[in-house]
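The values are calculated or read from the model by the stated rules, or taken from the named source; none is laboratory data. Predicted model, so just to flag it, every value in this text is computed and none were measured. We place every Cβ from the backbone using ideal geometry, glycine too, and count neighbours over all the protein chains shown. Each accessible area value is taken on the protein alone, full model and side chains, heavy atoms only, with ligands, DNA and RNA left out. Shrake-Rupley method; radii C 1.70, N 1.55, O 1.52, S 1.80 Å.
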Amino acid sequence: MIQKKISILIILLLASYMGFSQTKHTISGYVRESGSQELLIGVNIYSPKLKVGTSSNTFGFYSITLPDDSMDIVYSYVGYQTQMKKISLDKDISINIELSSSVNLSEVVISAERQEKISESTKMSTIDIPIMQIKNIPSLLGEKDVFKVLQLMPGVQKGSEGNSGIYVRGGGPDQNLIILDDATVYNANHLFGFFSVFNGDALKSVELTKGGFPARYGGRLSSVIDMNMKEGNKEKLTGEAGIGLISSRLTLEGPIIKNKSSFIVSGRRTYIDMLIRPFLNAENGIAGYYFYDFNAKANYDFGDKDKIYLSGYFGRDKFGIKQINDNYSMESGLFWQNATSTARWNHLINNKLFLNTSLIFSDYTLSIKSNEKYGNDKYELLYKSGIQDIGIKSDFYYAKNPNHLFRFGGIVYHHHFTPSAFVIKDSYNNLAENKAKYINSIESGIYIEDEVKINARIKVNAGLRISDLYSEKKNYINPEPRFSGNYKLSDNLSFKLSYAIMNQYIHLLSNTGIGLPTDLWVPATNKTKPQQSQQIAGGFARDFIPQNFTLSIEGYYKASKNIISYKEGASFLGIDDPSNGDIISWEDNITSGKSWSYGGEFLLQRKTGKLSGWIGYTLSWTKLQFDELNSGKEFWAKYDRRHDISVVIIYKPKKNITLSATWVYGTGNAISLPLGEQPIATHDLIQNNPNESNPYVNDYLPTLPYYGEKNSFRMKAYHRADIGIQFHKTHKWGERTFELGFYNLYNRKNPFFYFSRDEIIPGTNKYDRKLKQVSIFPIIPSVSWTFKF
């Protein structure tokens, strides 16, 4: 009996040893799009037999280590036809895969064995939107805008009517890290905020992270918007051109060396200035405005081991006005521009370890000028502000096995700030001059990030980031722990939890809160501390497999400190007393405070099929507190919005027709309105006779408004419906798409801003003050043509 037990024990030990020491091998390679050789991000690689899988990284590379066996490997990606490979795994092998785009997205079947479910992923508060959906959603004046689509997601609010600025979970526009091919974009707005600078024709992927931040991201408090440009078609020359009401665009891509090297160039320009020029003359004033942006990328494939990429973006907005008559002439201008460039090197160290190294350049510049001449008197204003970055970044990606993915790396940035530099002159003397105190700082970070599946129910992503800023002989070092976890309650339902500390070492000084180009980027210094936030979020994720729906419900709480704002009455010019040229430093113009944001979010989404889109709802509260504002009392943030609803529907009744519609609703923004006016005395900035001492310019005294509690008034609720219809037709040379759309379909008069005005009471000589609302966008039709060849 004892011998029998010993024999059984030996057999069990041997079985355990055999299972433990079972030989494993690695399958690795790249996944590309058939017909273009474009590398695909986030392709799912899955073994139905073992029920394990992985996905391709940002550069299309994947690695999965499995036991010796014969099995099927399934490759699937949203919008592409699934492929299955039968393999006999007895050694390490390399398999490069090409996936063909689905002719009809409604035929794509997403199953538990082919697509990573949101209920299985550790990602939380993360949204990715297929580029094709972005192109199908109706938009203002037909301009497809990535940021306006992101505004339709729960937890993301827009600033004001038509504005492309985004406010994520109570954060300001400066608290969003906007990345294009690893390079930071500092001002993402065209047309004073009505459009973003990103041309969807040049983009391959867009991902928004608003909580549960992985350790590889840092530098902002509220969100990360990570975008990657296309590489270009390696097999043939193709292109896309579009003509709209206010702009046209053109994209060309093709091989430099077939199947080895390719390029893509994409440009867009508005022609508003050309359309209005015939209706203007110099005497009444000539005004002009235009913007353009340009994307370019090239790459060379040395084989599976090494690849290099060069990419860049350049965009400019320019506004000018000119007036000339007998005794008076005036010319003013405002322009701002972004430029980024990235040089990337991908190196496959071995079949499990992948390295990407990037050299990064980013530059943002704002310039304002104004020249006036009246007789012999002259006045001149020159103003400049900007930020320039040079950096290097390395990221390692180590796929130990299907249940264990390890990332680590670091980044170093050199920031060169020009907070403000200006000269104001007149005919008599130099009134004010700021010779620009340039500020240089070095920002760096290192991180480790470990994603591991502990057992069948628990999967976590734990990481640590150490960030640092050296500025003006002051060194800030901060640890940033990160955690997100997934606990499976059933096959398709899970509970998720995340926690993150974020530090931000640059600030945006803004009077408006809507992302105008006069907003200034400034660094943390001896006087101004870095911003910091802590965010905790939890919720449920559910997959509805046969219906191809996903559902997420999340709650969050975020507390931030050391956020900054202008003091009451301060501005970006910072002039104290123009008569003697005294200048106020921007640091003396600001005050620091705290913020709190909390709420809940709901998202029901379908990415593919005849009927796709989403329903999103946000319930949130955001408050601010500054010792030097609002008498030190808490007040609602301007972008606080109690309720926010968005419905997006895309329907394809036929192969050649796409219908789309959106409806949005939002509680009105919190603003400050004047309670009355106070008469004041004024000084003449440019006195006709500098020897005169009389400070009063006019026989009457002008008035200034005075206010009660800050942001104590609520604007009217905002709501709007947009619709669009696209007609597609295939020709021998390519495809033509004609689109007709209507923005603000039922002509809702949404508030843009308010002002007060005295109006006479009928039948009396008395005046009564009335509050007036200004709305800027009635129902607006749009039409556009797009050609693919």
Item to check | Test for residue 139: is it among the polar types (S, T, N, Q), over 25 Å from residue 79 (Cβ atoms) and modelled with pLDDT under 90 | outcome: no
Checklist entry - Pairs, please: C-beta under 6 Å, at least 6 apart or cross-chain, first residue closer than 13 Å to residue 174 by Cβ and in the range 512-529, second modelled with pLDDT of 75 or more and of a type in the set (Lys, Arg)? => result 513/638
Checklist outcome for this item: When restricted to 185, 168, the only residue within 30 Å of residue 263 (Cβ to Cβ) and among the β-branched types (Val, Ile, Thr) is 185
Next on the checklist: Just to be sure I understand, how many residues within the range 592-607 are touching a Pro at 6+ places or on another chain (Cβ under 8 Å) and either open to solvent by 20 Å² or more (accessible area, probe 1.4 Å) or among the hydroxyl-bearing types (Ser, Thr, Tyr) (or both)?
Outcome noted: 2
Item to check | Output for the range 288-317, where each listed residue is of a type in the set (D, E, K, R), closer than 22 Å to residue 272 by Cβ and in contact with a His (Cβ under 9 Å, 6 or more places away or on another chain) | outcome: 293, 317
Item to check | Per-region count, the range 445-482, residues crowded, with 16+ Cβ neighbours inside 10 Å, over 25 Å from the mean Cα position of the chain (by Cα) and β-branched (Val, Ile, Thr) | outcome: 2
Item to check | Selection from the range 366-376 of residues that are of a type outside the set (Gly, Ala, Ser) and open to solvent by 20 Å² or more (accessible area, probe 1.4 Å) | outcome: 368, 369, 371, 372, 373, 374, 376
Checklist outcome for this item: Residue pairs within 9 Å by beta carbon, gap of at least six or interchain, first lying in the range 479-497 and touching a residue at least 12 places away in the same chain (Cβ under 8 Å) and among the aromatic types (Phe, Trp, Tyr), second open to solvent by less than 70 Å² (accessible area, probe 1.4 Å) and not in a strand (DSSP E or B), listed first then second, are 483/212
Checklist entry - How many residues does the range 613-631 contain that are among the hydroxyl-bearing types (Ser, Thr, Tyr) and either within 13 Å of residue 558 (Cβ to Cβ) or more than 23 Å from the chain's Cα centre (by Cα) (or both)? => result 3
Checklist entry - Taking the stated definitions as given, is residue 755 in a strand (DSSP E or B), open to solvent by 70 Å² or more (accessible area, probe 1.4 Å) and either under 30 Å from residue 237 (Cβ atoms) or out of contact with any strand residue (DSSP E or B) (no Cβ under 6 Å at 6 or more places or on another chain) (or both)? => result no
Checklist outcome for this item: All conditions in (1) at pLDDT 90 or above; (2) closer than 22 Å to residue 183 by Cα; (3) open to solvent by less than 50 Å² (accessible area, probe 1.4 Å) are true of residue 414 except (3)
Checklist entry - Quick check: anything in the range 728-736 modelled with pLDDT under 90, in contact with a Leu (Cβ under 9 Å, 6 or more places away or on another chain) and open to solvent by 40 Å² or more (accessible area, probe 1.4 Å)? => result no
Item to check | Residue tally, condition under 23 Å from residue 507 (Cα atoms), at pLDDT 85 or above, open to solvent by 30 Å² or more (accessible area, probe 1.4 Å) and out of contact with any His (no Cβ under 7 Å at 6 or more places or on another chain), over the range 377-396 | outcome: 2
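Per-residue answers, yes or no, for (1) part of a strand (DSSP E or B); (2) at pLDDT below 95; (3) not basic (Lys, Arg):
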| site | (1), (2), (3) |
| --- | --- |
| 300 | yes, no, yes |
| 309 | yes, no, yes |
| 338 | yes, yes, yes |
| 351 | no, yes, yes |
Item to check | Within the range 142-228, strands (runs of 3 or more DSSP E) holding 2 or more residues that are within 30 Å of residue 786 (Cα to Cα) and modelled with pLDDT of 90 or more | outcome: 176-180, 203-209
Next on the checklist: Looking only at the range 566-585, filter to residues that are modelled with pLDDT of 65 or more and open to solvent by 30 Å² or more (accessible area, probe 1.4 Å); which one of those is nearest to residue 174 (Cα to Cα)?
Outcome noted: 567
Item to check | Residues within the range 646-659 that are touching a residue at least 12 places away in the same chain (Cβ under 8 Å) and open to solvent by 50 Å² or more (accessible area, probe 1.4 Å), tallied | outcome: 6
Checklist entry - Would it be correct to say that residue 433 is modelled with pLDDT of 80 or more and open to solvent by 20 Å² or more (accessible area, probe 1.4 Å)? => result no
Checklist entry - What is the residue count in the range 466-497 for residues that are in contact with a strand residue (DSSP E or B) (Cβ under 8 Å, 6 or more places away or on another chain) and within 30 Å of residue 526 (Cβ to Cβ)? => result 15
Checklist entry - Looking at the range 227-257, which of the residues that are charged (D, E, K, R) and buried (at least 20 other Cβ atoms within 10 Å of the Cβ) is nearest to residue 607 (Cα to Cα)? => result 230
Checklist entry - On the given criteria, is residue 442 touching a His at 6+ places or on another chain (Cβ under 6 Å) and either surrounded by fewer than 17 Cβ atoms within 10 Å (Cβ to Cβ) or modelled with pLDDT of 95 or more (or both)? => result yes
Checklist entry - What residue, among those in the range 32-54 that are in a strand (DSSP E or B), in contact with a Phe, Trp or Tyr (Cβ under 8 Å, 6 or more places away or on another chain) and under 22 Å from residue 300 (Cα atoms), is least open to solvent (accessible area, probe 1.4 Å)? => result 39
Next on the checklist: Quick check on residue 210: is it surrounded by 22 or more Cβ atoms within 10 Å (Cβ to Cβ), closer than 30 Å to residue 600 by Cβ and in contact with a Lys or Arg (Cβ under 7 Å, 6 or more places away or on another chain)?
Outcome noted: yes
Checklist entry - Tell me, which strands (runs of 3 or more DSSP E) lie completely within the range 622-711 with 1 or more residues that are closer than 30 Å to residue 132 by Cα and either out of contact with any helix residue (DSSP H, G or I) (no Cβ under 6 Å at 6 or more places or on another chain) or modelled with pLDDT of 90 or more (or both)? => result 643-654, 657-666
Checklist entry - Does residue 770 fit the bill of being open to solvent by 60 Å² or more (accessible area, probe 1.4 Å) and not in a loop (DSSP other than H, G, I, E, B)? => result yes
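Per-residue answers, yes or no, for (1) part of a loop (DSSP other than H, G, I, E, B); (2) β-branched (Val, Ile, Thr); (3) under 25 Å from residue 251 (Cα atoms):
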{"residue": "721", "(1), (2), (3)": "no, no, no"}
{"residue": "728", "(1), (2), (3)": "no, no, yes"}
{"residue": "742", "(1), (2), (3)": "no, no, no"}
{"residue": "747", "(1), (2), (3)": "yes, no, no"}
{"residue": "759", "(1), (2), (3)": "no, no, no"}
{"residue": "762", "(1), (2), (3)": "yes, no, no"}
{"residue": "765", "(1), (2), (3)": "yes, no, no"}
{"residue": "778", "(1), (2), (3)": "yes, no, no"}
{"residue": "785", "(1), (2), (3)": "no, no, yes"}
Item to check | Matching residues, the range 731-782, being touching a residue at least 12 places away in the same chain (Cβ under 8 Å) and polar (S, T, N, Q) | outcome: 737, 744, 747, 750, 756, 773, 775, 782
